[in-house]
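Only one structure is covered here, and it is reproduced in the block below.
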Amino acid sequence: MTEIKDCLPEAARRHFINLRNIRLDAETGKYRERLVKLRTQIAARSQGRSGWQEMEEWKYKEELSDALAAGYIQDALKPVSCMTSR
């Protein structure tokens, strides 16, 4: 499968990789923070894993994937639009 970065010009590719890495760190950090908060709340109630918790964690994973996918497209278009306006 071809990655977005492979379709970009060399100068834009480097810029995209930097943006991608920043976005990945930020979005993954948000995901982990939400997951820890949820698990802490469940542990505070002395509950075991439940179907509700599984669904919440799945929702968080979906939101992470959506945010990364949309962000990668936005990041890929940024350097291209900057380069074509020069």
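What accessible area per residue comes out for the chain, rounded to a whole number of Å², with a 1.4 Å probe?
Details: 6310 Å² over 86 residues.
Dividing the accessible area of the chain by its residue count gives 73 Å².
Between (1) 1.20; (2) 1.48; (3) 1.12, which entry matches Cα Rg over 2.2 N^0.38 Å as derived from the coordinates of this structure?
(2)
How much of the accessible area of the chain, in percent, comes from carbon and sulfur atoms when a 1.4 Å probe is used?
Values: 3570 of 6310 Å².
Ligands and nucleic acids excluded, carbon and sulfur reach 57 percent.
Calculate the length of the line joining the C-alpha centroid of the stretch 7-37 to that of the stretch 38-60, in whole Å.
Centre-to-centre distance over Cα atoms comes out at 27 Å.
Round to the nearest 10 and give me the degree value, 0 to 90, for the angle of helix 51-84's Cα axis relative to the longest principal axis of the chain.
10
Write out the GluC sites (Glu not before Pro) in the stretch 1-57 meeting two conditions: DSSP loop, and at most 14 other Cβ atoms within 10 Å of their Cβ. Don't jump to the answer; show the numbers that get you there.
On the way: sites: GLU3, GLU10, GLU27, GLU33, GLU54, GLU56, GLU57; in loops: GLU3.
Those satisfying the criteria are GLU3.
Compute the length gained on full extension between GLN47 and ASP25: take 0.36 nm times their separation in residues and subtract their Cα-Cα distance, giving the result in nm to one decimal. Present the calculation step by step, with values, prior to reporting the outcome.
Numbers: separation 22, 0.36 × 22 = 7.92 nm, distance 3.05 nm.
Separation in residues times 0.36 nm, less the Cα-Cα distance, equals 4.9 nm.
The values are calculated or read from the model by the stated rules, or taken from the named source; none is laboratory data. Every value quoted in this text rests on a predicted model; they were computed, and no experiment measured them. Note that each Cβ is placed from the backbone with ideal geometry, even for glycine, and that neighbours are counted across all protein chains shown. Ligands, DNA and RNA are excluded from the accessible area calculation, which covers all protein heavy atoms including side chains. Shrake-Rupley method; radii C 1.70, N 1.55, O 1.52, S 1.80 Å.
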